Structure formats: C-alpha cells, structure tokens
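To start, the structure under review is shown below, and the notes come after it.
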Amino acid sequence: MAKHFVLVSGNIGAGKTSLTERLGEQLGWRTAYESVMDNPYLSDFYGDMRQWAFHLQVFFLGHRAEQHLAMAQDPRSAIIDRSIFEDAEIFARASLELGNVSHRDFATYRKLYDLVVETLPAPDLLIYLKAPVPVLLNRIQQRGREMELAVTQDYLALLERYYEQWLAGFDLCPVLTIRTDDLDFVHKAGHLDTVVARVHERLTGKEELTFLES
C-alpha cells in the first residue's frame, strides 16, 4: 500500500483530535497529537498570553518540526493532529495582532520558522475542519479544560479569519474541507465512512471537490 502523510488542521474545538484518532483506527495509520496536557507553556499562556506567547511559539516550533519529520519519514502512513504551518500562519500572527508578541520577537520567530519548514517534506493532504465560532466555543466549554476557560468568542473569530487567509494561498498539497457542525464522525459510523471515502478520493486524485463546504 502507498504511504500517505496527512495533516489535520482547524480552529480550537473543531474536532481535530477526534478525527485523527478515528481515521488512525479505521485506516491503520500511525497517529500523532498536539502537545496539550504535557505542554510546559500552554496553561501559562492562557493565563498570561503577553508573558508566554513567544515561549509557547518556540516550543511548538521545535515540537511540531520533530513530529512532522518523524511521521513523514516513517514507512507507515501517518496522520497528525494540527500542522506546523498553523503555528506561524494562525497563532503567531494572532499574538502579534493582539500585542502579545512584539514585532521584533515575531520577526525573530518567523525567520526561524521559515528556515525550519523549508527543510520539511510536504504532506500528501491537509484536512481542514471548520465550524461556526459559537459551536467551537460551546465545545470548548463542554470539554472543560481549565487552561482553555479564558478562550473567548472574539479570539476564536480572530483565529478563524487567519485560517481563511492562510488557506486561500495554501498550495503545498490538496486540501479537504469538512464542516464538523454538519457531521458527527464520533458517534455515527456512516459519517466517519463518508469522511474516509473522501480522504481516499483526495489522496488518489479521483476527483476534485470541496467536501461538505456550504
């Protein structure tokens, strides 16, 4: 079987981890996840974004670069929860706009990021999960992670704007867009089967489509 390397992207609460888990199980792919519970900076960041934003971005750059390279080089097919590209194109830009990092720190980070990503293999597919901001906020509140209690609707909307800008120019690989407010791939096997079918179609190039995008 051909080796496939897939990244799952999307806003906080979009369903990235759930989809990564289920696609890994269904397809027998190796899985890797965003460092959340073992992240030494994330809870501090949500408590004081201005103090910890730069530290968090540097940590994620190293973590995701190592993860991306390992999964791309593994002979088995692999899928990663969150891409390294989102760190710079979404979260670092949001921190700059909000004043949580200075222009000097952002320029330093961006130079390092550009040097790192130009050495990384391109993915075969980017899956982009999206849902309306109120849905995202409700999911975040329901899962009850203490470190995420400071996430606001305005912050999610800012991230959403940067996602749309980033994806408008993304050309490293095909993109499969999935509206997760319309799908329940966690509890409905038929919905997961539909996603799996569309992933295969995109990976094999059988058709060009935007899936479940309204």
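Observations on the model:
- Estimated translational diffusion coefficient (Stokes-Einstein, Kirkwood radius over Cα pairs, 20 °C, 1.002 mPa s) of the chain: 121 µm² per second.
- Percent of Cα pairs exceeding the 15 Å cut-off, where the set is the range 113-187: 68
- Near-label residues of the range 109-150 by backbone N, under 17 Å of a point 7 Å along Cα→Cβ of R30: 120-125
- Size of the range 1-69 as Cα extents on the principal axes (Å, biggest first): 47, 24, 18
- Calculated FRET efficiency for the pair D193/Q165, C-beta based, R₀ 30 Å, to 0.05: 0.40
No value in this document is a laboratory result; all are computed from the given coordinates. On a predicted model such as this, the values are computed, not experimentally measured, just so you know. Because the Cβ atoms are built from the backbone with ideal geometry, glycine has one as well, and the counts that use them run over all protein chains shown.
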